[in-house]
Each structure stands twice: as structure tokens, then as C-alpha cells.
Amino acid sequence: NAVIGRYKLSVQSTLSGASSPASLGTFVLLFNPWSSGDDVFMPNKAECEEYVLEEFGIIFAGNKNRISSFGWNFGQFQGDILNICLSMLDRSLNYRQDPATDVSHRNDPKYLGRVLSAMVNANDDQGVLLGNWSGNYEGGKSPSSWTGSGEILQNWKKSGFKPVRYGQCWVFAAVLTTVLRCLGIPTRTITNFSSAHDADGNLRVDEFYDASGNHLDRAADSIWNFHVWNESWFSRSDLGPSYSGWQVLDATPQEESGGIYQCGPASRNAIKEGDVDLDYDCPFVFAEVNADCMYWNYDPTTGKKTLIFSKSTTIGQFISTKAVGRDDRVDITNDYKYEEGSRKERDIFKKARKKLGLEDKFDPTAPTPQETDQKPDISGKFKVAGLLEVGKDLNIILVLENLQSDAKTVHVNMTAWSTVYTRRPIHEIWKDSISVTLSPKEEKQFPIKIPYTEYQQQLTTDNTIQVTALCHVEGGIQVLVQRDITLDNPAIDIQVLGEAKVNKEVDVEVIFTNPIEMEVTDCVLQVEGNDLLRGILEIDVPPLKASEKSSIKFKLIPFETGPKHLLVNFSCDKFADIKAFKMVNV
């Protein structure tokens, strides 16, 4: 339980009554998850290997209908990273305000986890990364272009500790993983799909749509396609043994906690059991995986809002992390909550509401009498037809079904917007409206085609499009149909030509074929990989004509044996950040 950090070591020798101290140098003390007395002790050795020693990771993204993944180079043992992590501690607000007290707490992983969750974002303390969710990343690097933490931490130090531009949730989480693993605290990244950002702490997120079906960017609350945070493993002497184990930390600046942008550690067991009164930030994390959703129709002229519908099973799906020792996805949703729709899950939700003093307030899951009387007359959904790829036309089908035994007339207003992964609308791509009559119990399909030429200019680097249909049923209540679509980037292929041996040159070929009917320009390939090359290799690639194949060759000289990971990121004017990785056995 000693304080971690840099120690001076000297020896005192006494010769005929005169003593002289001699300095032997310095050493750095870290947390030790292999030692049973340590707060971060992790009994499973394979987990220690993965969560402390592994420098490569896989982060999950996309959306709940289509989970994607990409590699990340944590690089916690690369040159200078340890020094940067230690200097991060000395730049925190706590250290600046009271150095002696701050240092005396550096034996406590829950204290350091909280401090570092604040230091990884630039808010409040000139920390490592500046967040940007605007869709416009001028003046910095787009968040999706990073492939590892090393470049970010090095840039922060090189610039005299000015915040690096720009980060989004997975970048904050990946950098925090690097820092905590570097200090010996077992840590992993977690992706939550359909993640709630509950700004007002009522365990409910509100979304607003206008009469045309446009998703209005007016609520502080939001539902992100996915959100990435961290879990770190340590004991909770402050809460008791049943709350030890995995603890949630979140470095993405979403809401203030104790006056600054930091989040956690929140015990994962406390989240599952609805013990939202325990330290730290349990209500926010509980809402991320459990909040109920309310969809409203909002009239900007009158300010009147009408509830369209509410849903309690949307939020917190397919909670994912990388498997130990393998590149697979593991679903840990059941570690965060009891099964959706089960009695136990609703009981825990009520318990949490009660602990937060919300039980007397409006319960979003209990409909008002006027809503109970009126059930929707129709149901609707968007189906995907064909491939979801950047460069291809987007084909979707709106399916409407009359649930009643008399005919219904429906006026449908449809929109498609490009969004960032937080589902914040950026550009309108397309809109249309139709009026249809549905015979009793009839189902009708309406194909929609959005050509590539129409969405190409508007797409963000997240390749996400939100389609919405607001259906006004004559004499009935409105029905909202929506779907978030993530388009896949084209593939890129990595080949290692020959055997990789220490200190011997080996050729690598990266192959990309331009899949679209127009030239792509400003092509750049970025390559990184611990122990395979030093720093980041950047290669400018000549423009590619329609359907042209590009072969990019470069040499590596590996300097360590073992399984290593090569990460590549290819960008051009039409495609942002096509990522791939390859395991190279040296």
C-alpha cells in the first residue's frame, strides 16, 4: 500500500565515524496486480496478462444493428509513456491545489482512477485531449483518424502540455486504458450500444421531433449509437467487498462531478443492483445502461410538446469488450443489469428511482390515462435492402402495417440526416412525404433510394445516417419510425511478404481498390506497430481512378520477438479512416 511514483534510492555508508550518503539513482514503484496484498490484485494470471501487459486492443463501435470493431495500439510500455503518465499526475488540479495531500493518496487506485478520468480530457485542467463532436475537425486531427495512444500522449508533452485536438469517447477511453495499465491497474475498454446521456439525472432521456420528422437538436439528453468507457479492477474498501472488482471510469467530458469533468469509479456491482447512492457517479452510469426513452413531438412555434411514445428496453444493449487472449467480442450486458423485461430488472429500476427521490415525480413508464386509451393504429419499421457501404446507393424500405380492422389514411413525413455517432444531426440529406391508405390489417412496403451522389458530400467521418418517418394517422395518434444506419467503409488488405525476424527487413503490402465511379485524391496511409517500427509511418498515395487498385509497399525491421500488431489507417477525400490490423509473428 505504498504510494506509487518515482523514488530516490541512496545508501549511507559509515567509515571511521564519518558517514556519507551516496545516491544510487531512482526507481518507479507501480501497482502490482500479481501481489495478493495489493488493492488491484487480480487472481487470474491470464487476465493480468491481458489487462496490464497487453499493448494491443480492439474497440467496438457501429450501432446495435451492426457492431463493428477496430484495433488500437495502447503502447503503455513504449518510450517515455511512463514519464508522461507520471507528469499527468503532477498536472492535476488536486496536485496543484495541495501537492502533499495529493501525493499521500497515490497508493489508492480509486483516487487515481478518478483524478486520471479528469486529466485525460482537457476540460478544467488543460488535460490531454480536447473533445469535439461537431463533425468539423479543422485545426486538429479528426477523432477517427488516431490508431494509438502513444502519438496523442507524445504530442501532449511535445506541445508543452497543450490539449491535443481532437478526441471522442473511444479516444478518451483508449488513452485512459494506456495510462492505467502503465501504472499497473488492470483496465479494459467497454462499449455500450444505445447509450443514454441523461443530463438532468431523472433516469429518462427525452428526444424531440418536429412535424416533418426532423430530429431536433434541442434536448440536453441524448441517446448515442455507442459510447466507450473503462473498467478498472480494484477493491473498494470504502464500500465493502461486495462492491469490489470491476469499477467504471469514464474520461469523456459529459457531465460535471464534484464541479469538474470526471466520472467514477462506480462499482459495476452497485450499478447492477441499483445502489445508485454509492460513490462515485452511479446515477449517471446507471442511466447510461438503463434510462427509459421518451419520444416527443415538438412544435417550435407554440413550444407545445406531445408524447409520441416511451420505451424502457432501448437503452444499454450488447455491452462489449475484447476477450482475454483472443480478438473476439465478449458480451457483458448481464454484468450490468438483469435481463430486460424481467421482473427483477424493473424492480431494480424502481429501487434506483426511489434512492434518487424520483418516485413521486412523473414516472415515464406509467402512461397517462389519455395515452392508455389510445393505442397506435399502425406500426412501422425501416428494413435495409442491399449493401450498407460508403460509395453505394442506400436502399431502405419503409414497412407500414395497419393494426386495425378498418382502413386508415396516413400522412408520412420522412427525412434522412447525416449524424455523428452521438446521433447529433449534422446535415439534411433527403426528405419526402407520402400519403397512403392502408386497408384493414394491410401491410405495405415503400422502397426508398438515396443515391451516393446525394449523401456523399454530407456524410461525417462516422458514416452514420439517421432515417425518420413521422406518421400522422387521421383520427389517431402519431407513430414515429426511425433507424440509425452505419455504412461500412470499403476493405483494405495487409499482406506480410515473407517471414518477420528480429533486425531483418521484411516487406509489407497494403492493397486498396477504389470502389466508386469517381477518382479519389488526397490519399494517405498511416502505419504503426509496437516493436515493428518506430513512431508512425505516413505514406502519400497517388490519386486512384474509378475501380483502380492501389498497392502500397513498405519495409519493416522488427526489433522484438513475439506476436506483434501492425495497424493501418487509410484516408482520402471520399473515405475517412479505413482501418485494418494484422498480427505479425516475429
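The values are calculated or read from the model by the stated rules, or taken from the named source; none is laboratory data. Nothing here was measured: the structure is a model prediction, and the numbers come from that model. We place every Cβ from the backbone using ideal geometry, glycine too, and count neighbours over all the protein chains shown. For the accessible areas, the whole protein counts, side chains as well, though only heavy atoms, and no ligand, DNA or RNA atoms are used. Shrake-Rupley method; radii C 1.70, N 1.55, O 1.52, S 1.80 Å.
Evaluate the following for F172: is it in contact (Cβ under 8 Å) with a residue 40 or more places away in the chain, among the aromatic types (F, W, Y) and more than 23 Å from E528 (Cα to Cα)? Spelling it out, it is not the case that F172 is in contact (Cβ under 8 Å) with a residue 40 or more places away in the chain, among the aromatic types (F, W, Y) and more than 23 Å from E528 (Cα to Cα). Within the span defined as segment 314-321, one or more residues are of a type in the set (F, W, Y) and either open to solvent by less than 40 Å² (accessible area, probe 1.4 Å) or closer than 20 Å to R204 by Cα (or both). I need the full set of residues from segment 135-164 which are surrounded by fewer than 17 Cβ atoms within 10 Å (Cβ to Cβ), part of a loop (DSSP other than H, G, I, E, B) and either touching a residue at least 60 places away in the same chain (Cβ under 8 Å) or more than 20 Å from the chain's Cα centre (by Cα) (or both), in order please. Residues satisfying the conditions are E138, G139, S159, G160, F161, K162. Quick check, is L129 surrounded by 16 or more Cβ atoms within 10 Å (Cβ to Cβ) and over 21 Å from S235 (Cβ atoms)? Criteria met by L129. The condition of being open to solvent by less than 20 Å² (accessible area, probe 1.4 Å) and under 11 Å from N514 (Cβ atoms) does not hold for L566.
Out of curiosity, is G213 over 21 Å from S257 (Cα atoms), in contact with a strand residue (DSSP E or B) (Cβ under 6 Å, 6 or more places away or on another chain) and assigned by the TED database to the domain that holds G79? Yes; evaluated as a whole, the condition is true for this residue.
Of the listed requirements (1) open to solvent by less than 10 Å² (accessible area, probe 1.4 Å); (2) β-branched (V, I, T); (3) in contact with a Ser or Thr (Cβ under 9 Å, 6 or more places away or on another chain), V115 misses just one: (1).
Looking only at segment 238-266, which residues are part of a loop (DSSP other than H, G, I, E, B), of a type in the set (G, A, S) and open to solvent by 10 Å² or more (accessible area, probe 1.4 Å)? Can you show your working first?
As a first pass, look at segment 238-266 and keep what is part of a loop (DSSP other than H, G, I, E, B): 238-240, 244, 250-256, 258-259, 261-265.
Narrowing the set further to residues that are of a type in the set (G, A, S) leaves 240, 244, 251, 258-259, 264.
Listed by number, the residues that qualify are G240, S244, G258, G259.
Only one of the numbered conditions (1) open to solvent by 50 Å² or more (accessible area, probe 1.4 Å); (2) among the charged types (D, E, K, R); (3) modelled with pLDDT under 95 is violated by D292, and that is (1). Only one of the numbered conditions (1) open to solvent by 40 Å² or more (accessible area, probe 1.4 Å); (2) among the acidic types (D, E); (3) at pLDDT 95 or above; (4) in contact with a helix residue (DSSP H, G or I) (Cβ under 8 Å, 6 or more places away or on another chain) is violated by D102, and that is (1).
Let's see how each residue does on (1) touching a helix residue (DSSP H, G or I) at 6+ places or on another chain (Cβ under 7 Å); (2) aromatic (F, W, Y); (3) over 24 Å from C523 (Cα atoms):
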| position | (1), (2), (3) |
| --- | --- |
| L130 | no, no, yes |
| G135 | no, no, no |
| G140 | no, no, no |
| S144 | no, no, no |
| S149 | yes, no, no |
| L153 | yes, no, yes |
| K158 | no, no, yes |
| R165 | no, no, no |
| A174 | yes, no, yes |
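Scanning segment 322-362 for residues that are assigned to a loop (DSSP other than H, G, I, E, B) and crowded, with 16+ Cβ neighbours inside 10 Å, we see that the one that is modelled with the lowest pLDDT is L358. Any idea which of G184, G167 is farther than 26 Å from I465 by Cβ, open to solvent by less than 10 Å² (accessible area, probe 1.4 Å) and at pLDDT 90 or above? G184 is the lone residue from the list that is farther than 26 Å from I465 by Cβ, open to solvent by less than 10 Å² (accessible area, probe 1.4 Å) and at pLDDT 90 or above.
Evaluate the following for E207: is it modelled with pLDDT under 95 and open to solvent by less than 30 Å² (accessible area, probe 1.4 Å)? When the stated conditions are applied, E207 passes them. Kindly establish whether F226 is over 30 Å from D38 (Cβ atoms), among the hydrophobic types (A, V, I, L, M, F, W, C) and buried (at least 19 other Cβ atoms within 10 Å of the Cβ). Yes, satisfied. What are the residues in segment 63-89 that are open to solvent by 10 Å² or more (accessible area, probe 1.4 Å), in contact with a strand residue (DSSP E or B) (Cβ under 7 Å, 6 or more places away or on another chain) and of a type in the set (G, A, S), if any? S68, S69, listed by residue number.
Residue count for segment 496-514 under the criterion of being of a type in the set (S, T, N, Q) and closer than 17 Å to I552 by Cβ: the result is 2. Within segment 415-426, if we keep just the residues that are aliphatic (A, V, I, L, M) and open to solvent by less than 10 Å² (accessible area, probe 1.4 Å), the residue that is nearest to N225 (Cα to Cα) turns out to be V420. Given the condition assigned to a loop (DSSP other than H, G, I, E, B), over 21 Å from F349 (Cβ atoms) and more than 24 Å from the chain's Cα centre (by Cα), answer yes or no: does some residue in segment 273-294 qualify? No, because not a single residue in segment 273-294 is assigned to a loop (DSSP other than H, G, I, E, B), over 21 Å from F349 (Cβ atoms) and more than 24 Å from the chain's Cα centre (by Cα).
Of all residues in segment 39-53 being touching a helix residue (DSSP H, G or I) at 6+ places or on another chain (Cβ under 9 Å) and open to solvent by 40 Å² or more (accessible area, probe 1.4 Å), which is nearest to K322 (Cα to Cα)? Explain how you work it out, then say what you get.
Residues of segment 39-53 touching a helix residue (DSSP H, G or I) at 6+ places or on another chain (Cβ under 9 Å): 39-40, 42, 51-53.
Remaining after also requiring open to solvent by 40 Å² or more (accessible area, probe 1.4 Å): 39, 53.
Numbers: D39: 24, L53: 14 Å.
Selected residue: L53.
Scanning segment 530-562 for residues being out of contact with any strand residue (DSSP E or B) (no Cβ under 8 Å at 6 or more places or on another chain) and touching a residue at least 40 places away in the same chain (Cβ under 8 Å) gives a total of 3.
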